[in-house]
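The values are calculated or read from the model by the stated rules, or taken from the named source; none is laboratory data. Keep in mind it's a predicted model, so treat the numbers as computed, not measured. We place every Cβ from the backbone using ideal geometry, glycine too, and count neighbours over all the protein chains shown.
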Amino acid sequence: MQPPSSTRSRPPEGAPASLEAARREATATKPRVLEIVERCEALFEDLHFTAVKQWKAAAPGRKAIGYMPVYVPREIIHAAGMLPVGILGGGDALEVIQGDAYYQSYICRIPRSTIELGLTGRLDDLDGMLFPSICDVIRNLSGMWQILFKDKYVRYVDVPQNYQDEVGGAFYKQEMQHIRDDLGTLRGSPITDAELNASIATYNANRAAIRDLYAYRAQKPWQAPTSEVYLLLRAIGEVPILIGVAVAIGPRMPGPRAVRWAEPRAASRASPRW
């Protein structure tokens, strides 16, 4: 039974009046959008992390630090002048062979394929790895990495279970300080408060841009498909942080932001504001 015409589904408010209008609008912005999306997709599909190799080759002495998803303080890595590289396994494009020798086959594919990436040399350009407390398997993966890659910096990033400032807060501050000290040692000089402040400001600006993107997507979801947003967010984990990330939908947004890749820079000399 067809609902009355007055209650039939209709495009969201502000949507193009017809599919053809939507197609024309998309075609008008296709070149710039495609360029960005294709760049992000290439990063997503490249399991040899060519962008990391190119970034390191551009200036001798540069270092890249891999991190598993969630809880890792990327600001500290960035403040050290290093490249934070998100590692989320090999997806379905990588056949796991050696990785199954370290984990049961029923274990989540992310750690098994991450081991595969490491053992096949795909992560050789990383100078270290941070493993956050996201599950028991990743906890064990940090220990495996220390055994398998003795020449790399490896740290398990623990997080507090008690969120009272004097308990969990003090513990978490110590964890952050350990990472700050470790990366300072790795680069050959301490990470300054000014460098931390600059990186915190950079990442806060990036988060604000992502919020803008999601706000726009809520208004016009057909202009920012989930697949494109996902590719963009994945790309951020592999290249120098993208400021104005909402530009991924280019001229689709009113007043699109300018794109620039942020490198560490000086900031105020005040203590870091976490």
So which residues in segment 32-61 are buried (at least 17 other Cβ atoms within 10 Å of the Cβ) and of a type in the set (V, I, T), if there are any at all? V33, I36, V37, V52
Looking only at segment 71-103, which residues are among the charged types (D, E, K, R) and assigned to a helix (DSSP H, G or I)? R74, E75, D92, D100
Counting only residues in segment 105-141 that are over 20 Å from E238 (Cα atoms) and among the polar types (S, T, N, Q), the one nearest to the chain's Cα centre (by Cα) is identified as S133
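Can we say A64 is surrounded by 16 or more Cβ atoms within 10 Å (Cβ to Cβ), touching a helix residue (DSSP H, G or I) at 6+ places or on another chain (Cβ under 7 Å) and over 17 Å from F149 (Cβ atoms)?
no
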Of those in segment 200-252 that are touching a helix residue (DSSP H, G or I) at 6+ places or on another chain (Cβ under 6 Å), small (G, A, S) and not in a helix (DSSP H, G or I), the residue modelled with the lowest pLDDT is G244
Go through segment 1-70 and tell me which helices (runs of 4 or more DSSP H), entirely inside it, have 3 or more residues that are of a type outside the set (S, T, Y) and either modelled with pLDDT of 90 or more or within 17 Å of R234 (Cβ to Cβ) (or both). 30-45, 50-57
Single match in R155, R180 (criterion: in a strand (DSSP E or B) and modelled with pLDDT of 95 or more): R155
Before we move on, is P84 of a type outside the set (D, E), touching a residue at least 60 places away in the same chain (Cβ under 8 Å), closer than 30 Å to G188 by Cβ and in contact with a helix residue (DSSP H, G or I) (Cβ under 6 Å, 6 or more places away or on another chain)? yes
Within the set of pairs 6+ apart or on separate chains, which have a first residue in segment 172-185 that is touching a residue at least 60 places away in the same chain (Cβ under 8 Å), a second that is surrounded by 13 or more Cβ atoms within 10 Å (Cβ to Cβ) and basic (K, R), and C-beta atoms under 9 Å apart? I179/R155; L183/K63
Hey, T114 hits all of (1) in contact (Cβ under 8 Å) with a residue 40 or more places away in the chain; (2) part of a loop (DSSP other than H, G, I, E, B); (3) not aromatic (F, W, Y) but one; which does it fall short on? (2)
Could you check how many residues of segment 187-222 are closer than 21 Å to V157 by Cβ, surrounded by 14 or more Cβ atoms within 10 Å (Cβ to Cβ) and touching a Gly at 6+ places or on another chain (Cβ under 7 Å)? 2
